[in-house]
1. What pairs from Lys120/Lys249; Lys120/Lys375; Lys87/Lys249; Lys128/Lys217; Lys87/Lys161 go past 26 Å between their alpha carbons?
2. Can you tell me the 0 to 90 degree angle between the C-alpha axis of helix 235-246 and the longest principal axis of the chain, rounded to 10?
3. Listed highest first by mean packing, meaning other Cβ atoms within 10 Å per residue, what order do 121-134, 304-317 come in?
4. Note down the Stokes-Einstein diffusion coefficient of the chain in µm²/s, whole number, using a Kirkwood radius over alpha carbon pairs, 10 °C, and 1.306 mPa s.
5. Tell me, what is the Rg over Rh of the range 118-275, with Rh the Kirkwood radius over Cα pairs?
6. Between helix 255-298 and the chain, what is the angle of the helix's C-alpha long axis to the longest principal axis, kept within 0 to 90° and rounded to the nearest 10?
7. Considering the alpha-carbon set of the range 29-149 alone, what are its Rg and its Dmax in angstrom?
8. Can you give the log10 of the normalised intensity I(q)/I(0) at q = 0.17 Å⁻¹, computed with Debye over equal Cα scatterers of the range 211-360?
Amino acid sequence: MIFGPFERMVAMRYLRARRKEGFVSVIAGFSLVGIALGVATLIIVMAVMNGFRADIMDRILGVNGHLNVYGAQESILDYEAKARQLKTIPGVLSVIPIVEGQVLVTSNTTAAGAIVRGTKHEDIMETKWISDHIVDGSLAPYITGEGILIGARMADRFNVKAGQEITLISPKGNVSAFGSVPRAHAFPVAGVFNMGMSEYDGGVIFMPLALAQTYFKYPASVTNMEVRIEDPLQARPTARQVEDVLGPKVRVFTWEQTNGPFFNALQVERNVMFLILTLIILVAAMNIISGLIMLVKDKGRDIAILRTMGATRGMIMRIFLLGGASVGVIGTVVGFVLGLLFCDNIEAIRQFLQRLTGTELFSPEIYFLTQIPAKMNWNETLAVVLMALVLSFVATLYPSWRAARTDPVEALRYE
């Protein structure tokens, strides 16, 4: 639709506030602000939800792997040979043997449960979320099999630093004449890592594989093997191949099975938030309709005069279409810019608000992460912008059609 200079001039003049039509212009202003806030909020929320999901997945899969292979019995024997077999499967990047067990961590005044993961030092070196996030100590004692790695939150809770010892109590203890006695042992802390995920920083301990085999009494076996593959979305087909290679004596779980409910809940929450926030834009579009209808009513005499001077119904309709669409377009552009700026500076804004209010707005214990992630999906952002523009344009159709249908004789008669 092509708008001529006459239509543009009249439309912009109608939108400017004058004493008589000031209330109409106020409604148009609120509509613009509503659309801008709706678009900005929708872009920000979608970016945060996408960033949260991607960051959580990256951290979880970066530490846990994509497939977990467990023995049909208590442990997996001859794990080195089985690992070599699994590496022949197309798409498999690595196979990590692990000894995993639950322990009670104790100090003079504090006790808490934790998970111990016994892995080889070369596998820890490949796990970048751990090896690249050592904040105290080093990996050297871990490499020689003489120390363990704990998270920063656990170190703070037990007031432990690298070089000091921490006591672990295993429920799988020694058998005595009085029954099974839990086994306690003090281990030196080689290093402290901070991967930014409270579940791991506060509840997971990494131990050299040989040391874990001795401590948990798995001298020639492991509890499970983690398999990392090229494409996480191909986890299920690869799991079937693993079962074919190793036979029926193993159980294979994919990352989707292990963390499926969590990621499904995130997706449902994301969809609901999109629907709710879309209503903000819809309400703002309804304001455009009400504002234009009032403008058409106030400008009935002007419309009649324009018609008698030769303006066609198409010209009248284009005038009001342009007026309403301008509000939607400007609001959408402003909302897009605000959303983009907010997403790029969301962490700085959070820290500023925390200093201003003196409260913690993003607790790691609740949200699992220490920073607010924001990852814009440009396809989603474009969809939000297009939706706002379409709703704004559709909202102008009825008032514009009503203005074009105004009878100049009737309008002048009742003025």
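Every number in this text was worked out from the coordinates using simple rules, so none of it is lab data. As the structure is a prediction and not an experimental result, all values here were calculated from the model. Note: ideal-geometry Cβ built from the backbone for every residue, glycine included; neighbour counts use all protein chains shown.
1. Lys120/Lys375; Lys128/Lys217; Lys87/Lys161
2. Between helix and principal axis, roughly 20 degrees.
3. 121-134, 304-317
4. 60 µm²/s
5. 1.04
6. With rounding to tens, the tilt is 10 degrees.
7. 21.9, 73
8. -1.11
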